[in-house]
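Asks: Got a structure for you, written out below as structure tokens; questions coming shortly.
Just so you know, all these numbers are worked out from the coordinates, no wet-lab data involved. The model shown is predicted, which means the values in this text are computed figures rather than measured ones.
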Amino acid sequence: MQQINKNNFISNIVNIYNVAKLLEIDIDEPFQIQFFTHKNPFKSTWYKLTGDGLMYSYSKEGSYNCKSDALEGLLIGKHQIVKYSEMINS
């Protein structure tokens, strides 16, 4: 087995689509995260699940080029997603 490194890594888009389905979001859909230690989501941080993983931006329409470490909390249920559509309907 060849060791994976920065030069030969290829993102597994099938796994990313499975995670999106599990979290009930679409690929490239902006959302916020309500962390278990906070009552409300951080209003200035937006997330998207992309082919490169979970990315974040400080603007909903901004450039999502920063990787996030929050995926583990979402997958184990410690954090929860707050969709943009849910925020404007409340």
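Asks: Report the gain in length on full extension from T45 to C66: 0.36 nm times residue separation, minus Cα-Cα distance, nm rounded to one decimal.
Replies: Values: separation 21, 0.36 × 21 = 7.56 nm, distance 1.11 nm.
That pair, T45 and C66, stretches by 6.4 nm at full extension.
Asks: Can you give the extra length, in nm with one decimal, that the chain gains between I4 and A20 once fully stretched, where that is 0.36 nm per residue apart less the Cα-Cα distance?
Replies: 3.4 nm
Asks: Cross-chain or 8 or more residues apart, Cα under 16 Å: how many lysine pairs in region 1-80 fit that? Count them up, please. It would help to have the intermediate numbers written out before the result.
Replies: Numbers: K6/K67; K21/K48; K39/K78; K43/K60; K48/K60; K48/K67.
So the count works out to 6.
Asks: Hey, what angle do you get for helix 13-23 against the long axis of the chain, alpha-carbon based, 0 to 90 degrees rounded to 10?
Replies: 20 degrees
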